[in-house]
Amino acid sequence: MGAQEEGEEVPHEINAIGISFGNSNSSIAYTSSEGKAEVIANEEGDRYIPSILSYIEGEEYHGTQAKSQLVRNSQNTVAYFRDYLGKDFDSIDPTPCHASAHPKKHESTVAFSIQDTESDSQNDVTVSEITTRHIRRLASSASDYLGKKVNAAVISVPTNFTEAQKEAMTKASQAAGVQLLQMISEPTAAVLAYDARSDAEIKDKIIVVADFGGTRSDIGVIASRGGMYSILSTSHDYETAGAQLDQLLIDHFAKEFIKKNKTDPRQKPKSLAKLKLEAEATKKALSLGGNASLSIESLADGVDFASTINRTRYEMLAAKIFGSLTRMIEDTVRKADLDILDVDEVILSGGTSHTPRISQNLQRLFSPKTRILSPSTLPTAIDPSSLAARGAAIQASLISEFDKEDIEQSTHPMVTVTPHLRNAIGVMVVSDDTKKGLFTALVEKETAVPCRRAGIFAAPREGGDVMVKVCEGARDIKVTKKEKAKTNGKAASDDSDLDSDDEEDEEEIREKIWKVGTVLAEAAIKGVKKGGKVEVTVHVGADLGVVVTAREVGAKGGVRGNLDKPRLVENGSA
Amino acid sequence: MAAVQISLPLPVLPQGWTEEKDFKPIGQLSSATQRNIEPVGPHFLAHARRKRHKRTFSEDERIQAQENVKKIDDDDAGEISEPEDPLMLQRDAKDWKGQDHYAVLGLSKYRYKATESQIKRAHRKKDLRHHPDKKAAAGSSEDDSFFKCIQKATEVLLDPVKRRQFDSVDEAADVEPPSKKQAQKGGFFKLWNPVFVAEGRFSKIQPVPRLGDDNSTKEEVEDFYNFWYNFDSWRSFEYQDEDVPDDNENRDQKRHVERKNNNARKKKKTEDTARLRALVDECLQGDERIKKFKKQERAGKDKRRLDREAAEKKEKEDKIKAAEEQERLRKEAEEASKVERAEGRKAKEAAKNAVKKNKRVLKGSVKDGNYLLPAGQEAGAKRIDEVLNDVEAVMAKIEPEEMALLASKLNGLKVAEEISTVWSEEVKRLVDAGKFKEVDMKVLGK
């Protein structure tokens, strides 16, 4: 009609941020004009905003303020609700909410019964309404900080978020006036946060993202291939996480308190809540320093309590939990049909990852070549708590200009589901020590096709004709047992049983070697100059057809050849 | 991705290796695993673009590059796309008040909507084209009058006060209200909306409410007309002022001109307000929605009245119904009591009959039992008298129900002993109940 004819509609400006919405804490981040992701501090100056809402006489408190209400007003304080979103009551685990408003069944979803208005009546507030309020507060904090109304976001969610949960999340954020551009998985967000750094180079690598949060731990093994990420395996643990570490400290200090005062502060909800808050603070302090103190006024029966703990003691207490986290990573790597040696990078994410011991354990687990990206092992590491938010912010800045339809089309399975190579493709080279050929991978396995990789190879010193032999290769782990010197073996065995047990384990040296598989093609480059170089490009098409190009760097011509796509009958037989 | 540098050398070509084009395909790739790529990151977006548009790597790179280049072109093309009117190029800069500044800069399709940066860019563009030095270099006359026009236009349009004055009298931006003939053809909203949008540029209050369409609510339509009847315009007419002579010439003359200008401005402003009012009147007259709302209102009122009447009628009917109901209930009750009474009488008679019958049974029983004498013994008159007296005494004492019970017990008995036992039991019961004393009995119960 006429109304549409007139003038250009002012395009709705989209200001998108990244939100990491966790069970315990949330973070918000935006991408600055230089393309750097930065975490936004809320009004209270917090960059990690507890995902907690509390109500006193109709007044809403959020974040840290709400968290402190867990002591005095726990019944009207809603915490740890993220994992309840989009689930029915029967399938949730209400344990984390023990010390706050309890979840209850409400129609098909979960709700909390709280006094959120000035009247004395209890209202049933559904978890999606709580989420809406939480997101609204986050968005308003971001709007205040940026000076622009935030109306869109990318939210990071765990890899095992179901469609129903995603739908509920979309609705909840829509209701908060925030258009949910995309939901990205937390491990990918963490990888993206590292890859988006200006000094990052895009390499083919296997990355383990270990996300240790407050109430759950998630591990994801990701193949990063030319900046594209494919998740190879994941695992989730709701039993070993930050809360369990807090519990250790709570138990430790409670025992100390009982020794002195004969009362158990864990018996009284208020005392327990106080102890819990302080234990968490102590845990954080122990991640930074060797010693931490804890002091609570009127912990129980009006008795003040102050104590200290050092890191060694804490690590001894928590050794079991740390061990299980390490095992969890090992299991997940195995689940992806990979070996520890295949992992090129470990990204530690989530608040619990600040703990130095965890990264030390991982350093021991992985080979020295593996980079452990955590604050205690790498000074340039990004703060683990904010990784997901940063990744989401980067993604938000990338897609905020897109139409909704564009985003939908791009995230459609038609686009995202692609064949991944089962074996690596490489070129045979001559190594110094053996006369046998040595496989050098150009395209790693688990690379999504179509893909294109190039390598520049040295030619023999004297030049001449060279052979380019393109093969498939499989990674193999070679285990060599180191022979022990037998001289002191007898003497040691007499000393003690414990020692000999340790030493009887022969030290194994494990290394990664390539096993040459099917030969794909051979090509010849003739008359390479002395000291010349040969560039080999392998281009794998979407149908698994391969184009190999080889040419001498700086020379004309070169060789180019095609390999047909595998016929369907032959699938798997090769 | 950049090529990887590999320091280990390639093997030497074995002796005798020959192949056409120096390439020998041997094997094929093993099958692949289908996996989900995470839809995240710049490289994924590139992948999605390639896959959706079915481009190869190199095609995609080329098209992306082209797109980037085009964007810059587009930005420039916006303002110069207008052809220049040769008549306009002949304009004299002295007559700047008469010139259309937007047309001079090639912005006539934007007019009051042109942004400052658009104006600046348009100026730059025209500057480069019409610079006198360039013309001189091209060998044509050193006529720089149009260049001056451009400068003047930019000067006016980049000064917010002057631009507003010019916009006030920029009739080229006006949209004529539809003629009667056009209006009759229909398309009310299509015809009127641009008129109000154009007029709306003078409003101090922004945004200006829109005319809307057939589906607009009553509030929206009312808002719209209220707004336009109370229109607060910034339009002024200084631009059309007569030039005020320099004050050192003649003060009186100057004041005279100033006064004249002021009056002219006021007059024009009043005229403008009147014009706008007439315009809104005309539009209102043709607005079908107003009629529709009135009709709805009337329908609403009628409906209310009808509702009320219906309600009243219903109430009356209800009352009558209730009265009828009461009357009916009363009658029913009366009838019921009548029947009851008649039944009571019948029952009494029946009871009396029963008592009579029972009495007969009782008397009969003693007679059957040979007046309680052993069989064969003849009962004397005295004996009969005594027994019957006893029976009478008992019958006088006991209740009709008890009598019925006794009669049922006695009924059918023929043997004197059995009858005697029943009687003695009954007498005993009555004595125990204190109805009479044993001595009263002459025969029974002994």
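The values are calculated or read from the model by the stated rules, or taken from the named source; none is laboratory data. This structure is a prediction, so every number in the text was calculated from the model and none was measured. Ideal geometry is used to build each Cβ from the backbone, glycine not excepted, and the neighbour counts take in all protein chains shown. For the accessible areas, the whole protein counts, side chains as well, though only heavy atoms, and no ligand, DNA or RNA atoms are used. Shrake-Rupley method; radii C 1.70, N 1.55, O 1.52, S 1.80 Å.
A few comments on the model shown:
- Entry for the range A:1-152 at q = 0.10, 0.19 Å⁻¹: log10 I(q)/I(0) = -0.43, -1.10, Debye formula applied to identical alpha-carbon scatterers, no solvent contribution.
- Environment charge at A:Arg390 (Cβ cut-off 13 Å; Lys +1, Arg +1, Asp -1, Glu -1): -1
- Chain B: angle of helix B:288-368 to the longest principal axis, Cα-based, in degrees nearest 10: 10 degrees
- Solvent-accessible area of the range A:282-358 (1.4 angstrom probe, protein heavy atoms only): carbon and sulfur portion equals 48 percent.
- Charge dipole of chain A about the Cα centre (unit charges at C-beta), most positive-ward option of A:Leu299, A:Val127, A:Tyr238: A:Tyr238
- Close amide H pairs (under 5 Å, H built 1.01 Å from N) link A:Ile17 with A:Ala152, A:Ala153, A:Val154, residues at least 5 positions away or on another chain.
- Tail beyond 21 Å, pair distance distribution of the range A:341-468 (Cα, percent): 67 percent
- Principal-axis tilt of helix B:42-53 within chain B, Cα atoms, nearest 10 degrees: 90 degrees
- Estimated [θ] at 222 nm from DSSP helical runs (n ≥ 4, -39500 (n - 2.57)) normalised by residues in chain B, nearest 500: -21000 deg cm²/dmol
- Carbon plus sulfur fraction of accessible area for the range A:129-191, probe 1.4 Å, in percent: 49 percent
- Extending 7 Å from the Cα toward the beta-carbon at both B:Leu128 and A:Ser33 defines two label points whose distance is 2.4 nm.
- On the principal axes of its alpha carbon atoms, chain B extends 182, 111, 42 Å, with the longest extent given first.
- Heavy-atom accessible area per residue - chain A, 1.4 Å, Å²: 47 Å²
- Interface of A with B. Using a 1.4 Å probe and counting protein heavy atoms only, the two chains hide about 6900 Å² of accessible surface, both sides summed.
- Computed [θ] at 222 nm, helices only, for chain A once each DSSP H run of length n ≥ 4 contributes -39500 (n - 2.57): -9000 deg cm²/dmol
- In a simple Cβ point-charge model (Lys, Arg +1; Asp, Glu -1; nothing else charged), the range A:318-422 has a dipole of about 740 debye relative to its Cα centre.
- Per-residue SASA entry for A:Asp204, accessible area with 1.4 Å probe, Å² rounded to 10: 30 Å²
- Here the mean projected area of the convex hull built on the C-alpha positions of the range B:93-151 is 4.2 nm².
- For the range A:232-297, a simple Cβ point-charge model (Lys and Arg +1, Asp and Glu -1, everything else neutral) yields a dipole of about 380 debye relative to the Cα centre.
- Förster radius 56 Å - calculated FRET efficiency between B:Ile290 and A:Ser198, Cβ distance, rounded to 0.05: 0.35
- Inter-chain neighbour count for A:184-192: the average number of beta-carbon atoms from partner chains within 10 Å of each residue's beta-carbon is 3.
- Angle of helix B:116-130 to the longest C-alpha principal axis of chain B, folded into 0 to 90 degrees and rounded to 10: 30°.
- B:Lys266 paired with A:Lys284, simple spin-label distance in nm, labels 7 Å along Cα-to-beta-carbon: 7.2 nm
- Cα principal axis extents for the range A:122-172, largest first, Å: 35, 34, 14
- Carbon + sulfur, % of accessible area of the range B:247-370 - ligands and nucleic acids excluded, 1.4 Å: 51 percent
- Listed residues B:Gly380, B:Gly187, B:Gly300, most fluctuating in chain B (Gaussian network, C-alpha, under 10 Å): B:Gly380
- Test item: A:460-470 mean partner chain Cβ contacts at 10 Å: 4
- Residue-wise HN-Hα couplings along the range B:421-434, as the Karplus relation 6.51 cos²θ - 1.76 cosθ + 1.60 with θ = phi - 60° gives them from phi, are 4, 4, 4, 5, 4, 5, 4, 4, 4, 5, 4, 4, 6, x Hz; Gly and Pro carry x.
- Percent breakdown of C-alpha pair distances by 5 Å bin, ordered from the shortest bin, for the range B:239-314: 3, 12, 10, 9, 8, 7, 7, 6, 6, 6, 5, 5, 4, 4, 3, 2, 1, 1, 0
- Subtracting the Cα-Cα distance of B:Val339 and B:Glu417 from their residue separation scaled by 0.36 nm leaves 23.3 nm.
- Inter-part distance where the range B:389-405 and the range A:368-426 are each reduced to a Cα centre, Å: 113 Å
- Think of the protein assembly as shown as a dipole: +1 on every Lys or Arg Cβ, -1 on every Asp or Glu Cβ, centred on the Cα centre; then among A:Ile250, B:Ala404, A:Gln174, B:Ala404 lies furthest on the positive end.
- Rounded if a/c under 1.5, otherwise prolate or oblate - the range B:195-335, Cα gyration tensor axes: prolate
- Cβ-derived FRET efficiency at R0 30 Å, B:Lys331 paired with B:Lys356, nearest 0.05: 0.20
- Out-of-range pairs (alpha-carbon distance over 27 Å; input B:Lys120/B:Lys204; A:Lys149/A:Lys284; A:Lys87/A:Lys205; B:Lys190/B:Lys292; B:Lys97/B:Lys120; A:Lys404/B:Lys218): A:Lys149/A:Lys284; A:Lys87/A:Lys205; A:Lys404/B:Lys218
- Going from the isolated chain to the complete set of protein chains, the range A:516-555 loses at least 20 Å² of heavy-atom accessible area (1.4 Å probe) at A:Val519, A:Leu520, A:Ala521, A:Glu522, A:Ala524, A:Lys526, A:His539, A:Leu544.
- Spherically averaged projected area in nm², based on the convex hull that wraps the Cα atoms of the range B:275-390: 16.3 nm²
- Note on the range A:189-293: Cα-Cα pairs beyond 17 Å make up 65% of the total pair count.
- Here the Karplus relation 6.51 cos²θ - 1.76 cosθ + 1.60, evaluated at θ = phi - 60°, turns the backbone of the range B:231-240 into coupling constants of 4, 10, 9, 9, 5, 9, 10, 4, 4, 8 Hz, with x for every Gly and Pro.
- Rounded to the nearest 0.05, the FRET efficiency derived from the C-beta distance between A:Val303 and A:Lys104 at R0 = 56 Å is 0.95.
- What chain B shows is 66 Å² of accessible area per residue, with the surface traced by a 1.4 Å probe over protein heavy atoms.
- Principal axes of the protein assembly as shown: Cα extent on each, largest first, Å: 178, 126, 73
- Average 1/r across all pairs of distinct alpha carbons in the range B:330-377, invert it, and you get the Kirkwood radius: 13.7 Å.
- Chain A: DSSP helices with Cα axial extent of at least 27 Å and average Kyte-Doolittle hydropathy no lower than -0.5: A:127-146, A:242-261, A:269-288
- For the range A:377-449, average projected area of the Cα convex hull in nm²: 9.3 nm²
- Derived scalar couplings ³J(HN,Hα) [the range A:415-420; Karplus, 6.51 cos²θ - 1.76 cosθ + 1.60; whole Hz; x for Gly, Pro]: 8, 7, 7, 9, x, 10
- Lys, Arg +1 and Asp, Glu -1 on Cβ, resulting dipole of the range B:217-323 about Cα centre, debye, nearest 20: 1040 debye
- Net charge of neighbours whose Cβ lies under 11 Å from the Cβ of A:Glu118, counting Lys and Arg as +1 and Asp and Glu as -1: -4
- Per-residue mean of foreign Cβ neighbours for A:398-407 is 2 (Cβ atoms of other chains, 10 Å radius).
- Look at the dipole of the protein assembly as shown built from charges on Cβ: of A:Ser397, B:His101, B:Leu388, the Cα furthest out on the positive end belongs to B:Leu388.
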